[in-house]
Amino acid sequence: MTMEINNGIETPTIIQVKIPLPFPLRWVNSYIIRGQAGLTVIDPGLHTEEAERVWQATLDEYGFQFSDFEQIVLTHHHPDHYGMAGWFQERCGGIPVWISEVGYEQVQRLWGEDQPLTAEIATLFIRHGMDKALVEDQLIPHMMKFVEWVTPAPQVSFIALDQLFRMGDRMYKPFVTPGHAAGHICFYEESSKEIFCGDHVLPQITPNVSYIPGVDENPLLSFLVSLEQINQFEVNRAYPGHREPFNSFNQRVEELIMHHEDRLDKLMILLDQPKHVYQLCVDFFGQNLSIHQMRFAMAETLAHVIYLQEKSRIVESIHEGICYYSILESRL
Ligand SMILES: [Zn+2]
Ligand SMILES: [Zn+2]
């Protein structure tokens, strides 16, 4: 299947490369940065055959060789960003792949030996009301499918968070922005006021905020706090992980904060009686979600429920091993 995706934008130093995805998101943005020491690639994409073809065509178009690259940089560990890092590294003669240390811990939990996170997420979703058969027949195989999209695994180096990071001929401030992904990093360049913001801030679509066991106990709080923090930077141009580069970064940050406040209010309205997270998910997003969409919907609703619980707006009770939530004033 060939997808019609327009070419990315190009500046004298930055080339946007759209790497196709077999999901409704359609593509992930990879960026090539030119510099005197060589080329940097940010987030090379999900490893599929089609993505390999797009990379080869891009290199041919610009007259680049794999040996022209000096480093691979990852904003976060999600497969659509990290997946091709190992493939790319092999072709470039083992150049560094930079990722945050926290991000790499997630890589190992997701796709390392025994993939421990798959079983943890399965148990979590059953405890929050998802049907066991749906988890076993669809969710687990769906999560296993990602292994081929992130293979081969790269050898990684960790980004030092307390110093500027060079990409091309410019020095960027790595800024940790958890919420969408643990260990997510945005890269801000002060003189141009440009930012590579990964999936932390996206135009038109809202970044998914997921609860993943064992890493961040309140990811929505982390997301809102890191949005407030990044809003202190004045940004003229943002290069996001999906959709197109955009200018109104600070305005978009404020819209995202408002979006989540609105979502929290809507969930409170849906809690007219005690419900588990799966029921809330179906009430909010509807029944017709693919397993891919349902997984994100569950993890996102969980993140919101945890946030409301931490704010003492709702309370949890457990019946027959399933967690139910109700508004604090109500009686079960
Ligand atoms: Zn992501
Ligand atoms: Zn992404």
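For this structure, a couple of remarks:
- Helix 249-270 vs. the chain, principal-axis angle (Cα, 0 to 90°, nearest 10): 20
- Relative contact order, whole percent, for the chain stands at 14, derived from Cα pairs under 8 Å and 6 or more residues apart.
- The alpha-carbon atoms of the chain define a convex hull whose volume equals 132 cubic angstrom per residue.
- Protection proxy ranking for 46-54, 264-272, using the average of other Cβ atoms within 10 Å per residue and placing the highest first: 46-54, 264-272.
- Selected from Ala57, Ala238, Ala182 as most flexible by GNM, with the chain as the system and alpha-carbon contacts under 10 Å: Ala57
- Three semi-axes of the equivalent ellipsoid, the stretch 48-115, Cα gyration tensor, whole Å, largest first: 24, 14, 10
- Charge dipole of the stretch 215-306 (Cα centre as origin; +1 on each Lys and Arg Cβ, -1 on each Asp and Glu Cβ, all else neutral): 320 debye, rounded to the nearest 20.
- Stretched out straight at 0.36 nm per residue, the stretch from Lys173 to Ala153 would grow longer than its current Cα-Cα span by 4.6 nm.
- The Rg/Rh ratio for the stretch 112-178, using Cα coordinates for both the radius of gyration and the Kirkwood hydrodynamic radius, is 1.19.
- Crossing angle, helix 116-127 versus the chain [Cα axis fit, 0-90 degrees, rounded to tens]: 30
- Dipole moment magnitude, nearest 20 debye, the stretch 78-172 about Cα centre, only Lys, Arg, Asp, Glu C-beta charged: 220
- Rounded to the nearest 20 debye, dipole of the chain from Cβ charges on Lys, Arg, Asp, Glu: 260
- Computing FRET efficiency as 1/(1 + (r/R0)^6) for Thr11 and Glu228, where r is the C-beta to C-beta distance and R0 is 30 Å, gives about 0.55.
- Pairwise label distance in nanometres, Asp265 with Gln204, each label 7 Å out on the Cα-Cβ vector: 2.7
- Rounded to 5, the percent of DSSP beta bridges in the stretch 1-109 classed as antiparallel: 65
- Full extension of the chain between His292 and Thr123 gives 59.1 nm of extra length, using 0.36 nm per residue less the Cα-Cα distance.
- Between helix 140-149 and the chain: long-axis angle, C-alpha atoms, 0 to 90°, nearest 10: 10
- The label-point distance for Lys145 and Ser317, in a model that sets each label 7 Å from Cα toward Cβ, rounds to 3.9 nm.
- Percent carbon-and-sulfur accessible area, the chain, ignoring ligands, DNA and RNA, probe 1.4 Å: 49
- In the stretch 1-102, taking the dipole from charged Cβ atoms about the Cα centre, the farthest positive-side position among Ala85, Gly63, Ile33 is held by Ile33.
- Heavy-atom surface of the chain, accessible at 1.4 Å and reported per residue (Å²): 45
- Cross-link partners of Lys18 among lysines (Cα-Cα below 24 Å; sequence separation of 8 or more within a chain): Lys145, Lys193
- Computed extension gain for Leu134 through Leu161, at 0.36 nm per residue and net of the alpha carbon distance, reaches 5.7 nm.
- For the stretch 75-117, the set of GluC sites (Glu not before Pro) satisfying both a DSSP loop assignment and a count of at most 12 other C-beta atoms within 10 Å is given as Glu113.
The values are calculated or read from the model by the stated rules, or taken from the named source; none is laboratory data. This structure is a prediction, so every number in the text was calculated from the model and none was measured. Please note: Cβ atoms are built from the backbone with ideal geometry, for glycine as well, and neighbour counts cover all protein chains shown. What goes into the accessible areas is simple: the full protein's heavy atoms, side chains included, and nothing from ligands, DNA or RNA. Shrake-Rupley method; radii C 1.70, N 1.55, O 1.52, S 1.80 Å.
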